[in-house]
């Protein structure tokens, strides 16, 4: 390190303290600036607050040997602390296993053990134990590290800024060239796998967790799925949203235009247009939208004894009506053309097309499974050759048809099961089994950050996961109720969870939660362990299914 004469102050002596971080350790360096001297005496720097370390200094510092008359520079010598051979030996003797090896080398009577250790590459140099690797390309001795110093080595070669949190292979290559201990590769792999910063910021290369679940089909209109599509350009009637309702078994679809996407509008539409026409279902499937987790929708389901099933947070594929959204969007776009305000006029035709098209899973149309017959289309008005039943009593003719339809329903269930098996075989190729999470296990939760230019925050630089959180309960083989230290978060799919392996850390979540809806006020829970607080929160849940109206973090 050099200073030019032109940059020196006019005062005789100046002193400045500069902090320098090396290997995760901060050194306070006192810089003393002296006037240019005629002799070649360097300016010395004294370091204070320098902790000792097992690792000797690996920074070669050389004096500037260029003639001062040519470069007009002043040499500065920085002396970093190193550990002597006696200090290294003392640390090694604290490890009982290494002490046995050192005693074997220093005891000439143990010839058998001496040959054993030398055959493995162990040598002694100035009382310090080293090892030569027979497979190394460069014949450099590896310092044998005692047990209590191994984590310090890993922090320096993995957590330090100059190490940059590389993976297990990169960290092993960096450490194995200088140090050695038994089981080093597994020790490094376990350390990297449990590194909190790596889990929070790095992308995973594994397949998503959670194999495809294939539920058993229920009776018609016993399970329905709902969703909102929009907002769309406002029509002359003031409509801006499409409320989609689908029967889970028959795939029958209803499309209702709405002026506002509020919980009251959705609840009234369900009650008047679906429940009072097709019957009250036993199960209502929806996402975690604010309209569906509100008090109005929960009260409707509670009064009518409907099991409200909310899909996992940020896992829309669990809602079967999402497939109808995919079919609705391109058809609606093709029909409206350039005039996007005419979308409400195209809904009846699109609904008819969706309900009269053959479904691949059931091998029948939704209309046939709902009405036990195919709907008469517009093109059959002039081409239908079927005779009309003129008899007043058509029971003898209709009874055999109903018997055949009952047989068709059994065949349809088999078709659905075969289709589910094909879908599961295809989907499971790109997924892996879910980890065996248990109640009170700690997990990381996947984040979905957004950039905020007003706060100078970029989503690229935000963590990918946050935690640790605790598993409160298991809803299905692939869904879990996750809680923070003082309140439940919501239902998460196993693909959004990562096991928290480092149980010794006392880290708390850093991303604030965004509550959905208006949950009841809860008494303050004293800060304690995550498991104790989560159990206390579980005893005060206002809902039957174990969830509040706060769903995830947006």
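The values are calculated or read from the model by the stated rules, or taken from the named source; none is laboratory data. Keep in mind that what you see is a predicted model, and the values were worked out from it rather than measured. No Cβ is skipped: glycine too gets one built from the backbone with ideal geometry, and neighbour counts run over all protein chains shown.
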| Selection status of residue 222, in contact (Cβ under 8 Å) with a residue 40 or more places away in the chain and more than 20 Å from residue 310 (Cβ to Cβ) | no
| task | Can you work out which of the residues in the stretch 362-376 that are in contact (Cβ under 8 Å) with a residue 24 or more places away in the chain and surrounded by fewer than 17 Cβ atoms within 10 Å (Cβ to Cβ) is nearest to the chain's Cα centre (by Cα)? | result | 363
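Provide a single number: the residues in the stretch 252-290 that are touching a residue at least 60 places away in the same chain (Cβ under 8 Å), under 33 Å from the mean Cα position of the chain (by Cα) and surrounded by 18 or more Cβ atoms within 10 Å (Cβ to Cβ).
Selection size over the stretch 252-290: 6.
How about the stretch 292-301: which of its residues are surrounded by 19 or more Cβ atoms within 10 Å (Cβ to Cβ) and outside any loop (DSSP other than H, G, I, E, B)? Working first, answer last.
Residues of the stretch 292-301 surrounded by 19 or more Cβ atoms within 10 Å (Cβ to Cβ): 292-294, 297-298, 300-301.
Across the stretch 292-301, the qualifying residues are 297, 298, 300, 301.
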| task | Considering (1) at pLDDT 90 or above; (2) in a loop (DSSP other than H, G, I, E, B), say which one residue 331 fails and leave the rest. | result | (2)
| request: Identify all residues within the stretch 445-463 that are touching a strand residue (DSSP E or B) at 6+ places or on another chain (Cβ under 8 Å), under 30 Å from residue 214 (Cβ atoms) and surrounded by fewer than 22 Cβ atoms within 10 Å (Cβ to Cβ); write none if there are none. | output: 446, 447
| task | Take the residues in the stretch 155-167 that are touching a helix residue (DSSP H, G or I) at 6+ places or on another chain (Cβ under 7 Å) and buried (at least 18 other Cβ atoms within 10 Å of the Cβ), then tell me which one is farthest from residue 101 (Cα to Cα). | result | 163
| request: Spot the failing condition for residue 249; the list is (1) in contact with a helix residue (DSSP H, G or I) (Cβ under 8 Å, 6 or more places away or on another chain); (2) over 25 Å from residue 362 (Cα atoms); (3) buried (at least 19 other Cβ atoms within 10 Å of the Cβ), and only one is missed. | output: (2)
| said: Condition first: crowded, with 17+ Cβ neighbours inside 10 Å, at positive phi and either touching a helix residue (DSSP H, G or I) at 6+ places or on another chain (Cβ under 8 Å) or in a helix (DSSP H, G or I) (or both). Can you find one or more residues in the stretch 302-318 that meet it? | reply: yes
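Matching residues to (1) touching a helix residue (DSSP H, G or I) at 6+ places or on another chain (Cβ under 9 Å); (2) assigned to a helix (DSSP H, G or I); (3) surrounded by 13 or more Cβ atoms within 10 Å (Cβ to Cβ); (4) touching a residue at least 24 places away in the same chain (Cβ under 8 Å):
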site	(1), (2), (3), (4)
335	yes, yes, yes, no
345	yes, yes, no, no
350	yes, yes, yes, yes
355	yes, yes, yes, yes
360	yes, no, no, yes
| Residue satisfying all of: in the stretch 485-506; farther than 16 Å from residue 435 by Cβ and surrounded by 22 or more Cβ atoms within 10 Å (Cβ to Cβ); modelled with the highest pLDDT among these | 491
| Of 202, 186, 178, which residue is farther than 30 Å from residue 300 by Cβ, at pLDDT 90 or above and either more than 29 Å from the chain's Cα centre (by Cα) or surrounded by fewer than 20 Cβ atoms within 10 Å (Cβ to Cβ) (or both)? | 186
| said: Could you list, ordered by first residue, the pairs with Cβ atoms under 6 Å in which the first is in the stretch 451-465 and on the phi > 0 side of the Ramachandran plot and touching a residue at least 60 places away in the same chain (Cβ under 8 Å) and the second is part of a strand (DSSP E or B) and surrounded by 10 or more Cβ atoms within 10 Å (Cβ to Cβ), at least 6 apart or interchain? | reply: none
| query | What do you reckon, is residue 482 part of a loop (DSSP other than H, G, I, E, B) and either at pLDDT 85 or above or surrounded by fewer than 17 Cβ atoms within 10 Å (Cβ to Cβ) (or both)? | reply | no
| request: For the stretch 41-140, please list each of the helices (runs of 4 or more DSSP H) lying entirely inside it that holds at least 2 residues being under 16 Å from residue 179 (Cα atoms), touching a strand residue (DSSP E or B) at 6+ places or on another chain (Cβ under 6 Å) and at pLDDT 55 or above. | output: 85-93
| remark: Residue pairs within 7 Å by beta carbon, gap of at least six or interchain, first lying in the stretch 196-207 and without any contact (Cβ under 8 Å) to a residue 40 or more places away in the chain, second buried (at least 17 other Cβ atoms within 10 Å of the Cβ), listed first then second, are 198/192
| message | Looking at residue 218 and the list (1) at pLDDT below 85; (2) in contact with a helix residue (DSSP H, G or I) (Cβ under 8 Å, 6 or more places away or on another chain), which single condition is not satisfied? | response | (2)
| Would you say residue 152 is assigned to a loop (DSSP other than H, G, I, E, B) and either touching a residue at least 60 places away in the same chain (Cβ under 8 Å) or surrounded by 13 or more Cβ atoms within 10 Å (Cβ to Cβ) (or both)? | no
